[in-house]
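I have placed the structure first, in the form of structure tokens, so that the comments after it can refer back to it.
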Amino acid sequence: MAWSIRSRVSSFLGSEVGVMGSLFHWDTCWRTVPFSVPTNSSSAVSSRTRPWPKFMNWARMDSCYAAASFKEKQSENKDTDVRNMAEAGGEHALFGLMKQRFLSFKNHKYMKELEHFQALSKAQYPKFMVIACADSRVCPSNILGFQPGEAFMIRNIANLVPLMKNGPSECNAALEFAVTTLEVENILVIGHSSCAGIENLMKIQEDVESRSFINKWVTNGNVAKLRTKAATAHLSFAQQCRFCEKESINQSLLNMLSYPWIEDKVRSGLLSLHGGYYNFSSCTFEKWTLDFNGCTVNEESSSYVIKEQEFWS
Amino acid sequence: MARSFKKCMMLCCTGKISSKEDMAGDSYDDAIAALSDLLKDKAELGSLAAAKIKQLTADLEAAGSTPFNPDDRIRTGFDHFKKEKFEKNPDLFGELAKGQSPKFMVFACSDSRVCPSHVLDFQPGEAFVVRNIANMVPPYEKTKYAGTGAAIEYAVLHLKVENIVVIGHSCCGGIKGLMSIPDDGTTASDFIEQWVQICNPARSKVKGGAGDSSFSDQCASCEKEAVNVSLGNLLTYPFVREAVVSKKLALKGAHYDFVKGSFELWDLDFKVTPPVSLL
């Protein structure tokens, strides 16, 4: 198969961080237009240590940023609206949109916390590893406000973690890196309402062989499905799915204990495993922690106990 | 081998100073003496050491005041989201509760510094996002790596996204790990090296054309070449190929450089022209 990689490269901002005087932005016709922004020269030369930006400082910046960017997106200019992008003129509109989005991030966030981003560029120290669904509505950076540097993240269909014995998966490599190299202190698995992956799992008929990737992947949640069917036979299909969404989170937490380097750290109190459930209809969040001492994991059956359960509405 | 690989990965992208095995002893004075000796021998580690010491100082200052409470942190984050975004945009979130129709599918690295919701300001509902080590897309394969196949299948056939963007980034630990695998192929990790070898063609290409360039320059090239390998792998999925040929789907590569504060974006151009008779 032959194809060419058309290297029509749009370089949004190529300035070195050290060159603070001016930035150039490229418009879609490839002209350069000098564009200067207020420079934070004091932070560029300061050698004082700055503490990690507190979340509420990010939150205050975010409020201004969110207000500005939502306003832009709701404006008359269709180029800024992703959903109207197709009508706005295809490729050029897309490049223009992504350029605008990146510049918005750079001006409202990156330049305002430059020293922090410079430190981050040398190393990351996330306290969390987060496993969340790929669903466009549930990014943990939005719903839990994780800022750059805070959370190492896996996103896959239905936020599933397979057992170690199931062999290589996208998840295993990331888990190994986060736990053994980054040495995160918390792993948080976040499920959500109306998860199509879980619904798919609940609909699979055992005696019908499926050729779909989706079905093959979501069967990693089979134990949760069996538990759900046993516990909720009297409930509607929608209610069973809700139950399974939460049960699969716990199954994923237990599956993580099948990795010896995770189990060792949890046993010695260096790593905590948490579950979270986001309901995007009612905008509520439930959070709990796996009580390792109450869990049993073996080939025939496993059981779990949870603690520190909270519900936020 | 295990320790050297771990050390390699740790120098790349973690905040943790070497493990206890590498330190002279557990006391503060012994630790500082060991660090000074190391820096005398390896002056090039000076700036990295400075960054880590700065962070350690900040962590200890913070730890001295209030210990980190993960529950409080996520609670604060959720309360802020609910108040500043959810409650201020009821129409948007009302629609999203009924269903999603994102125009983008994004492959991004799991690295904590490169979430596309920040870098490209994706709002709820805009992008179906898969995140894994080094933002890799394995080729079509029914038995292994079904998670990627599942995500692509769902995005292309069910959500009918119009664009798939694979975003690489600077200082990628996964790519550095790929470039650090010895030529004899011996691996030390359980899963990481096996995963990153998906982009072996990128490593071969970079090493083949490396000349005198430094290891870090080679890694920077590999970050972008690996994106192109992933774009090529996307085309091995029949439903992706069909959507691209019928112009319903565009494949794009991107690279976010958080050192320079820059972002590059490019297209994968793939088409099949109508046959022309040679008679």
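The table below lists the values:
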quantity: Reachable lysines, given that their alpha-carbon falls under 16 Å from the alpha-carbon of B:Lys207 and they are not under 8 places away in the same chain; calculated: B:Lys176, B:Lys224
quantity: The stretch B:102-199 - charge dipole about Cα centre, Lys and Arg +1 at Cβ, Asp and Glu -1, debye rounded to 20; calculated: 240
quantity: Mean separation of Cα contacts under 8 Å, 6 or more apart, over the residue count of the stretch B:103-268: relative contact order %; calculated: 27
quantity: Reciprocal of mean inverse Cα separation for the stretch B:103-268 (Kirkwood radius, Å); calculated: 16.2
quantity: Sequence-separation-based contact order of the stretch B:70-162, relative, with Cα cut under 8 Å and 6+ spacing, percent; calculated: 29
quantity: Span from the the stretch B:31-72 Cα centroid across to the the stretch B:232-260 one, whole angstrom; calculated: 40
quantity: Alpha carbon centroid spacing (whole Å) that separates the stretch A:249-313 from the stretch B:103-171; calculated: 26
quantity: With eigenvalues of the C-alpha gyration tensor scaled by 5 and rooted, the stretch B:45-173, Å; calculated: 33, 25, 13
quantity: Average silhouette area of chain B, convex hull of alpha-carbon atoms, in square nanometres; calculated: 21.4
quantity: Accessible surface buried once A binds B (1.4 Å probe; total of both sides; Å²); calculated: 10300
quantity: Of B:Leu251, B:Gln218, B:Ala108, farthest towards positive along the dipole that unit charges on Lys, Arg, Asp, Glu beta carbons give the stretch B:103-268; calculated: B:Leu251
quantity: Antiparallel bridge percentage (DSSP; both residues within the stretch B:103-268; nearest 5); calculated: 30
quantity: Unit charges on C-beta of K, R, D, E only; dipole of the stretch B:103-268, Debye; calculated: 420
quantity: Whole-number D in µm² s⁻¹ for the stretch A:125-257, Kirkwood Cα-pair radius fed into Stokes-Einstein, 20 °C, 1.002 mPa s; calculated: 139
quantity: In the stretch B:137-171, GluC sites (Glu not before Pro) in a DSSP loop with at most 15 other beta-carbon atoms within 10 Å; calculated: B:Glu141
quantity: Rounded to the nearest 10 Å², the accessible area of A:Trp288 at probe 1.4 Å; calculated: 10
quantity: Per-residue [θ]222 nm for chain B (sum of -39500 (n - 2.57) over DSSP H runs n ≥ 4, rounded to 500); calculated: -14000 deg cm²/dmol
quantity: Excluding exposed DSSP-loop trypsin sites (Lys or Arg not before Pro) (at most 11 other C-beta within 10 Å), longest clean stretch of chain B; calculated: B:143-246
quantity: Chain B - share of DSSP beta bridges that are antiparallel (%, nearest 5); calculated: 30
quantity: Solvent-accessible area, 1.4 Å probe, carbon plus sulfur percent, for chain B; calculated: 54
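The values are calculated or read from the model by the stated rules, or taken from the named source; none is laboratory data. Remember, predicted model here, so these are calculated numbers, not experimental data. No Cβ is skipped: glycine too gets one built from the backbone with ideal geometry, and neighbour counts run over all protein chains shown. Note: areas computed on protein heavy atoms with side chains; ligands, DNA, RNA excluded. Shrake-Rupley method; radii C 1.70, N 1.55, O 1.52, S 1.80 Å.
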